[in-house]
Structures are given as structure tokens and as C-alpha cells.
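As C-alpha cells, the structure follows; a few thoughts come after it.
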Amino acid sequence: MIKALQKKLNNRKVIILCSLLLAAICIVTILAPWLAPNDPIMVNLAQKLQPPSAAYPFGTDHLGRCILSRLLYGARISLGYAALICMAALGIGLVVGVLAGYLGGWVDYVLMRIGDGLIAIPSLLFVIGFVGIWGAGLKQVVLGLILVQWVFYARVIRGMVISLKEEQYITAARISGSSSWKVIKKHVAPNVISSLAVMGTLEMGWAIMNLSSMSFLGLGVQPPTPEWGAMILEGKSYIRTNPALMLYPGICIMVVVIVFNLLGESLSERFGIKRR
Amino acid sequence: MVTFIIKRIITIVPIYLIAILITFGMIHLSPVDPAEAYFTAAHVQATDQLLEQKRQELGLDQPFLLQYIDTVLNISQFDFGTSYVTNKPVWDEIATRMPATIQLALCSLLIAIIVSVPLGFLAGIKRNGVMDHASRFLSFIGASIPSFWLGYLLIFFFSVKLDLFPVEGTGTWKHLVLPSITLAFPLIALYTRLLRTSVMENLQETYVLFARTRGIREYSIMGKHVLRIAISPMITGLGMNLGHLLTGTIIVEAVFSWPGLGRFFIDAIFNRDVPVIQAYVLLAAGAFLLGNLIVDLIQLYIDPRISRKGRQLP
């Protein structure tokens, strides 16, 4: 359906539509403290498991907390930390990829073997193991996700840099005496950054999903902090009586991930960039 | 071809050693003292003397490199130490829980293959047909839906509303249905997509044109040639996704209270049972590498072009 829709709309329209949706999501996320009708962590047992009302537009959860407010604040955690993960992973990937690709030799060998070792352990498993050893918590999850994710960027960028190195203008710059640093900064980096942005968009969906998966397992965000995955974990016991508790956060995750994936895919199609 | 296989097997060893080193280094760098974790898990108030004794017993007073070599040697004999919680060998604990996880993983893999091969193939043959749209929609949703939420959705509709399948537990085949579908869904999405793209690419190849000019029936071109070659990337995907399958079981087992390795692992994390955590991560990494190896060998068998060219090592 969505893809069929995408066929009718052309690629450009999808990009515009997704960007607008994304902008709306970002605005809502940033304005969450002003939009939220109630305090997201205030427990009010007298009001527990209420149906939607004027005071609580989406009803209340098992502790009488406003679901809408929790969803809005949860967006700040999910999106904020996902963005942090992406930026950090992209940053490390860029530096490592350029160094490995441009310098080659033993630098390349060592960096890529470290990457191989990290990838040898399936990524989410690595993160869970990392959290297992270092203790549950948002900080550890974020760190773990960054640690596995930079490798993919580094590999892609390394490949791009190696093919760029053969370009004549790079050779020309080197012959005319530019230092390695200058060549990298002026000629290599600008060429890879646009691809990075596209990969980053796709990776946002990945990060949001894994962040919430970890919180769902109880390893990430700890209660009472509102986060979508953690909310599903809390709501799962009420699946028979109050399915809304686990339905709403799931819908939020799915919609945001869909928007990011759709945008990322349309962008990579448009610019002819292959993922990973 | 034999050299290729041997070469391929040899490349695994250093990668696995690095994986062990990384896991090991992580444990070393972590603020958790295994000796302390041991006593916390055993609910014993530890004195300094006890801690010191335990550290010696665990070999923590040895230099890092020596400990690492020790660990590698132990692992090569399937000795993963003893669990802090149960005081039994970790390997035994894992072996008793492995069948449940393998059952779940194989069942969902089967579902994924049964659904995605025809779907991806038909979608690839007829671009923009009904099947194509269906497959694209499915693969998009599959990539965007969190699997734990999908699990609860399935429970909500099929267990709570329709009362067709049990909510959790094991025993009958009915218990297996919902967890397997949950675990299979993202795989279906991925494989369908891979196969679709690969079929489309293969249809552009000259061998298809040649077969057509020879007057071979379309049916036989598709079934005998295109499918056989186009399925190759999907098999690679299968190997690459063993990891996904493994982590998937952790989440699905948590959703459906499935008594497998995944839940054992999560419990170990909460108990700070360091040997179990280490063993699980290393076993999973080993299974992942081994899976990739097997997949490479299958490909060698299926696609004759690879063996003839003596494909480059990745």
C-alpha cells in the first residue's frame, strides 16, 4: 500500500512528504513539555487505567499516569538518543573509514581487523552482551549501539575513499604538493558526506528500533522514565484488559521508523547510494 | 575449490580469536569485579579475604594475556567455566536449553523460506504486478515493525481476541506458531526483498536471452536457471542473518516466555552471571561464523560460476 502509493507519487514527492512528516515529528518532540497535558511520571493511583477523557486524552496507565504525556516525553528519549547514536557512529565511521581508505597499509589492516572482530558478533547480541557485562542502563545501551554501528559506516566510507583516491583531481592535488590532511579535508570528505547523510537517515530507524528493543528487555531506559519500548514492557501485563497501553507506544515506534526508512530509501534511490 | 574451502575455514580462526579478545577485553575493562559478582549472585556477604581467594581461584591475579590464552584453551574444550548462580558448568546449562531455542529458530527459518521464496520469485518475475506490490508492502512493514510489539499484536489478536493459540509456554505445536511467526516476519521481509531484486537483475542477464532464443520454454528458464542462480544472494542473507535470528530469539523468548537460551541469557545479565554472559556471546559469535561458512559452501555447490572463478575471499 505504502509502496504502491510511492509508485503513484514520484520519488521527489515522497521525499518532500517524509521530510514534512519528519519535521512535524521533530517539532512535536521538541515541544513535548508544552504539549503534554500532564506530568509523565506523576503517579496517581486513584486515576489508574482510565479510558480517554478531556484531562487524559489517551487515558491513563496502570499507575494512573497520562499515556499521551508519556508518549510525548518518550519521543524525546527515543529520537534524541537515536540521533546521538547516529551522529557518533557516523563520526567515528567517517574518521576511521577515511584514515583506513586513504592511508592504507597497516593502518588500514589494523582498523579493518578490529571492525571484523566487532562484526563477528551479531550487532544486537554484542550490545546485549556489552550491557550484560557493564550493567543495564541507557548509557551502556547507547555506547554499545555506537560501538557496533560505526564499523558499517567505516567499511562503506573506506570503499568510497579507495575509489576516490584513483580520481585524477586527487592525484593532481597530491602532485601539486597538498598535504594528506588538506586533500582529505578539501577533496575526500565533501564527497562522502552526502552519502553519510543518507545512510544516517536509514540508520535512525535502526537505532530507534534497537533502543526500544533494549528498553523492552529491561536493559535500557529504566522506569519511571517514559520510553516507548519500556512502555510496552509495562503495558504487556494489561494486554487482556487494557490493550491500549501496549498498542500506542508500538504504533509510535512503527510510524517514526517507517518515516525514517521511507525517507532514507527514497533518498538513496534518488542519489544512487547502496545501503551498506 | 578445495583450496578455497580450506582458505575459507582458516580465515575464521583469527576472526574468532579477535571476537574472544573483544569480549574478554570488555569484561576486563568493565567496572564489575567478577569475584564480587560471584558473591552477589550467590547471596553471600563477601569479606576481603573471601574476595581475594575467589580472585585467585578465577585466575584474576594473572596477567591479562595469560588469562586470555587460558580462556581460549578452555573454550576450545567447550569449558566455559561455572555459573555463579547455579554453580554448574555453563556448558551443561546451555546444552539443556539449546533444543528449545533451536526448535524455535529452525521453525521460523522454515516459515521464512516457505513464504519468501515464492513471494520474492513471483514479485521479481512480474514487476509492478500484484505480487510485487504485496511483497514490497510486506518487506517494508517487516523492516519497520519492532518484533516484540509484533509478538504482542499477534497475542492480542490470536490469543486474546480469537483464542486460537496459547499466550505463552511450550508443549504442543500450537505453542510454536505465534513465536515462530514473530521471529520469521522480519526475515520474510528481508529474504523476499533480496530474492526479488536478485531475480530482476538476473532477468537482464544474457543467459536468459540466450535461453529464450534457443526456444526454451519460459517456465523452464525461470525454474531451472533463474531461480537457481537468483537464490544465491538470499542464501548469503541467510548466513548473515543468523545473528538476527539469534538476537531475535532473545526478544521472542522474552515475549512468549519461551524457556530457551535467550531467556537464560537475559536472566544471567540481571544476575551478573559473567561466565554465562561470556559463553553465550562467544557461542553466538561462533554459530554466526560457522553459519556463514556453511552458507558459503552451499553457494559454492549451487552456483557453479563461483567455483569456476574461484571467488575472492571477502
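Brief remarks follow.
- Candidates in region B:1-11 are the residues that are surrounded by fewer than 14 Cβ atoms within 10 Å (Cβ to Cβ) and not β-branched (Val, Ile, Thr); of these, the one that is modelled with the highest pLDDT is B:7.
- Region B:155-172, subset within 11 Å of chain A (Cβ to nearest Cβ) and at pLDDT 80 or above, residue least open to solvent (accessible area, probe 1.4 Å): B:155
- Condition broken by residue A:266, with the remaining ones in (1) farther than 30 Å from residue A:131 by Cα; (2) surrounded by fewer than 22 Cβ atoms within 10 Å (Cβ to Cβ) satisfied: (2)
- Region B:12-32, subset open to solvent by less than 30 Å² (accessible area, probe 1.4 Å) and outside any helix (DSSP H, G or I), residue modelled with the lowest pLDDT: B:32
- Options A:21, A:31, A:84, A:79; residue that is within 14 Å of another protein chain (Cβ to nearest Cβ), out of contact with any Pro (no Cβ under 8 Å at 6 or more places or on another chain), modelled with pLDDT of 75 or more and closer than 30 Å to residue A:224 by Cβ: A:21
- Scanning region A:142-158 for residues that are open to solvent by less than 20 Å² (accessible area, probe 1.4 Å) and within 12 Å of chain B (Cβ to nearest Cβ), we see that the one that is nearest to residue A:84 (Cα to Cα) is A:144.
- Residue list for region A:223-252, filter: among the charged types (D, E, K, R) and either farther than 16 Å from residue A:68 by Cβ or facing chain B (nearest Cβ under 8 Å) (or both): A:236, A:240
- Total residues in region A:159-214, condition open to solvent by 10 Å² or more (accessible area, probe 1.4 Å), β-branched (Val, Ile, Thr) and farther than 21 Å from residue A:97 by Cα: 1
- Residue match in region A:238-245 (condition: more than 26 Å from residue A:129 (Cβ to Cβ), open to solvent by less than 10 Å² (accessible area, probe 1.4 Å) and of a type in the set (Gly, Ala, Ser)): no
- Taking the criterion of being of a type in the set (S, T, N, Q) and modelled with pLDDT under 85, the residues of region A:146-173 that qualify are A:163, A:168, A:171.
- Residue within region B:205-224 that is hydroxyl-bearing (Ser, Thr, Tyr) and within 19 Å of the chain's Cα centre (by Cα) present: no
- Failed condition for residue A:206, given (1) modelled with pLDDT under 85; (2) within 18 Å of the chain's Cα centre (by Cα): (1)
- The listed residues are B:50, B:58, B:17, B:29, and the only one of them that is within 14 Å of another protein chain (Cβ to nearest Cβ), free of Cβ contacts under 8 Å to residues at least 60 places away in the same chain, under 20 Å from residue B:272 (Cβ atoms) and among the aliphatic types (A, V, I, L, M) turns out to be B:29.
- Selection of helices (runs of 4 or more DSSP H) fully inside region B:212-312 by the criterion of at least 3 residues being touching a helix residue (DSSP H, G or I) at 6+ places or on another chain (Cβ under 8 Å) and without any contact (Cβ under 8 Å) to a residue 60 or more places away in the chain returns B:232-240, B:242-256, B:261-271, B:274-302.
- Scanning region A:100-108 for any residue that is surrounded by 15 or more Cβ atoms within 10 Å (Cβ to Cβ), free of Cβ contacts under 8 Å to residues at least 60 places away in the same chain and under 18 Å from residue A:213 (Cα atoms) turns up nothing.
- Residue among B:71, B:82 that is open to solvent by 30 Å² or more (accessible area, probe 1.4 Å), touching a helix residue (DSSP H, G or I) at 6+ places or on another chain (Cβ under 9 Å) and of a type in the set (Ser, Thr, Tyr): B:82
- Here the condition is being at pLDDT below 80, more than 10 Å from chain A (Cβ to nearest Cβ) and under 20 Å from residue B:180 (Cβ atoms); of B:238, B:242, B:261, it holds for B:238 alone.
- Selection from region A:73-93 of residues that are of a type in the set (Ser, Thr, Tyr) and open to solvent by 10 Å² or more (accessible area, probe 1.4 Å): A:73, A:81
- Within region B:121-154, the set of residues being more than 28 Å from residue A:234 (Cα to Cα), at the interface with chain A (Cβ under 7 Å from one of its Cβ atoms) and among the aromatic types (Phe, Trp, Tyr) comprises B:137 only.
The values are calculated or read from the model by the stated rules, or taken from the named source; none is laboratory data. Remember, it's a predicted structure, so these values are computed and weren't measured experimentally. Virtual Cβ from ideal backbone geometry, glycine too; neighbours counted across all protein chains shown. Each accessible area value is taken on the protein alone, full model and side chains, heavy atoms only, with ligands, DNA and RNA left out. Shrake-Rupley method; radii C 1.70, N 1.55, O 1.52, S 1.80 Å.
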